[in-house]
Structures are given as structure tokens and as C-alpha cells.
């Protein structure tokens, strides 16, 4: 436990997969729970095993600065949006419809270490009044209070969750083998799509980097050769390795394939490229 585990208050609100536009004043997440003690004669206080949870209501609030007309029916139930060439019009609806419940409302923040934290409530609806304060020299910033609702068939399953992401980058790096030109070559170039762990740049022998290398299905030797791997763009989002190989003739249209050894190439989040991942390229004329 340390400062990196501190949860920061800034984040992004999202309704049904669409980020809310500008907000001001943040928001709040509340789970209102009600408990009941089962009392018996002689009790002097609460007794372990005789406390029940009898109610739980999850709410996620946000203050909206930018009010897009297309979003207003998401903000308040029982409204109808109509549009023509000259204007968008909001009118009252007859009653609450199934479409007034927002399937997923989230807030995504982060810890000081940068790991995402996601608050999610389900089947949410804002049951507050439409209340816009019209003040001179000030902006309208309505507060929306979304309440999660229970599914009819799961009336005891609380409709909310908290996700504390352990690894903000769950995907391994992607390697791209630059297509070699036809003819005799003694080098291949591999580029990566994200920064690599600094330890990877210590691999300077192709034997320690690769498990296999083939040209049209025929193996290319990857026996030990010192300084046969040279790294460039270290510490940038696009590192590159130039791998020296025995003189090899490449034919246009044929497939070149390499595989990395297990637990060799990883990104700064610790994700390794699997040893079974084929990195292919087609020879160009």
C-alpha cells in the first residue's frame, strides 16, 4: 500500500458506451444500504449472524456543462426528441419507457499509478426533476443523479460493480516484420507498436531472441552470433530490431516467418509476445 494506490477524483462519465461531453464539478458514487438487526430478549447490542441486508440503492451522479440536444433523452426519462432542418425539439413523453433506462452508466478514473478504476451501474435512470438554474453571467450545469435498477428476475442482485484494473495494458506488443525485397539479404528488420521493457534491449544475439526463422518454409539458421541483433528507437513507442542473418535469397511473393523465444520480448507493462505468435511478411519484388 502506498501513494500509487490513491484513487484520483478526476475521470470520464459514459452513458451506454458514449462519453459524456464536458462536465464541471465532478460527480459522486453512493451505495445506500439499509440493514436490519434481528433482536432477541437479553441482547445488549448487535449480534453476529443476526444482521440482514434488506435494501441497497446504487447512484452515480454527474454535473453536465455541455448539454447536447441528442443527449437530453438520456439525461431525463419520458422525453421525446424530434428534429427537422431548422431545429431540434424536446417534448414531454406520456410515460417512462424501457428505452429510458440506460443499460450501462460508468465513471472511469485512475489511481496515482495510472491504473484504471471503473464504476459501473446498470439499467440506470435519472429520476430527478429537470431543474436548470438560469443565472446571469453563469452557465447552466444541471446535476444528473442516475439510480441503478434491479432486473425483475434478479431482484436481490445489486446492479453495480467496481473494477480495479491490475494491468492497464493487458495486451502483448505487436511485432511487424518489414517485408524484405526479393534478392539476397543479410538483414531483417522488425518493428514494434509500443515501448518495450529495457531488459529486452540487452538481447544482442539472434539465438537468444528467436526460436525459429523460415523463408518459404525453409529454416534460416539462427545459431549464436554475437551482436547479430541491434536495437534502435529504444524507449520510444516504435522500437526496432535489425537482425543479421546468413545470406539468404528471398523470392517475391514467398512467406517469411519468425517466432520469438518464450519470455523474451515484453512491453513495459510486462506482457510477453507468446512463443507461438507467428510474425509473417511477404517478400516484395
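The values are calculated or read from the model by the stated rules, or taken from the named source; none is laboratory data. Just so we're clear, the structure is a prediction, and the values are computed from it rather than from any experiment. Reconstructed Cβ throughout: ideal geometry from the backbone, glycine too, with neighbour counts over all protein chains shown.
Within segment 75-83, one or more residues are part of a strand (DSSP E or B), out of contact with any helix residue (DSSP H, G or I) (no Cβ under 9 Å at 6 or more places or on another chain) and either without any contact (Cβ under 8 Å) to a residue 12 or more places away in the chain or closer than 26 Å to residue 158 by Cα (or both).
If you check 270, 253, which single one turns out to be in a loop (DSSP other than H, G, I, E, B), out of contact with any helix residue (DSSP H, G or I) (no Cβ under 7 Å at 6 or more places or on another chain) and closer than 20 Å to residue 180 by Cβ? Outline the logic, then answer.
Numbers: 270 fails: closer than 20 Å to residue 180 by Cβ.
Of the residues listed, the single one that is in a loop (DSSP other than H, G, I, E, B), out of contact with any helix residue (DSSP H, G or I) (no Cβ under 7 Å at 6 or more places or on another chain) and closer than 20 Å to residue 180 by Cβ is 253.
Which residue out of 118, 130, 125 is closer than 30 Å to residue 272 by Cβ, in contact with a strand residue (DSSP E or B) (Cβ under 9 Å, 6 or more places away or on another chain) and in the same structural domain as residue 14 (by TED's automatic domain parsing)? Walk me through how you get there before you give the answer.
Working: 130 fails: closer than 30 Å to residue 272 by Cβ; 125 fails: closer than 30 Å to residue 272 by Cβ.
Residue meeting the stated conditions: 118.
Scanning segment 224-247 for residues that are surrounded by fewer than 18 Cβ atoms within 10 Å (Cβ to Cβ), touching a residue at least 40 places away in the same chain (Cβ under 8 Å) and part of a strand (DSSP E or B) turns up 240, 242, 244, 246, 247. Answer yes or no as to whether residue 216 is farther than 30 Å from residue 61 by Cβ and under 26 Å from the mean Cα position of the chain (by Cα). No; evaluated as a whole, the condition is false for this residue.
Within the set 180, 172, the sole residue that is more than 29 Å from residue 114 (Cα to Cα), touching a residue at least 60 places away in the same chain (Cβ under 8 Å), in contact with a strand residue (DSSP E or B) (Cβ under 8 Å, 6 or more places away or on another chain) and buried (at least 16 other Cβ atoms within 10 Å of the Cβ) turns out to be 180. Taken together, the residues in segment 22-48 that are assigned to a loop (DSSP other than H, G, I, E, B) and at pLDDT below 95 amount to 1. Residue 96: surrounded by 12 or more Cβ atoms within 10 Å (Cβ to Cβ), in a loop (DSSP other than H, G, I, E, B) and modelled with pLDDT of 90 or more, yes or no? Here the answer is yes, as residue 96 does meet what is asked.
Yes or no, residue by residue, for (1) touching a residue at least 24 places away in the same chain (Cβ under 8 Å); (2) under 24 Å from residue 34 (Cα atoms):
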| site | (1), (2) |
| --- | --- |
| 85 | no, no |
| 114 | yes, no |
| 124 | yes, yes |
| 129 | no, no |
| 144 | yes, yes |
| 149 | yes, yes |
| 154 | no, yes |
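Got a sec? Which of 69, 106 is surrounded by fewer than 16 Cβ atoms within 10 Å (Cβ to Cβ), within 25 Å of residue 140 (Cβ to Cβ) and under 32 Å from the mean Cα position of the chain (by Cα)? Even if it seems obvious, please write down each step before you answer.
Numbers: 106 fails: surrounded by fewer than 16 Cβ atoms within 10 Å (Cβ to Cβ).
Only one candidate qualifies: 69.
Against the numbered list (1) at positive phi; (2) touching a helix residue (DSSP H, G or I) at 6+ places or on another chain (Cβ under 7 Å), residue 113 comes up short only at (1). Here the condition is being more than 33 Å from the chain's Cα centre (by Cα) and within 27 Å of residue 169 (Cβ to Cβ); of 284, 189, 279, 229, it holds for 229 alone.
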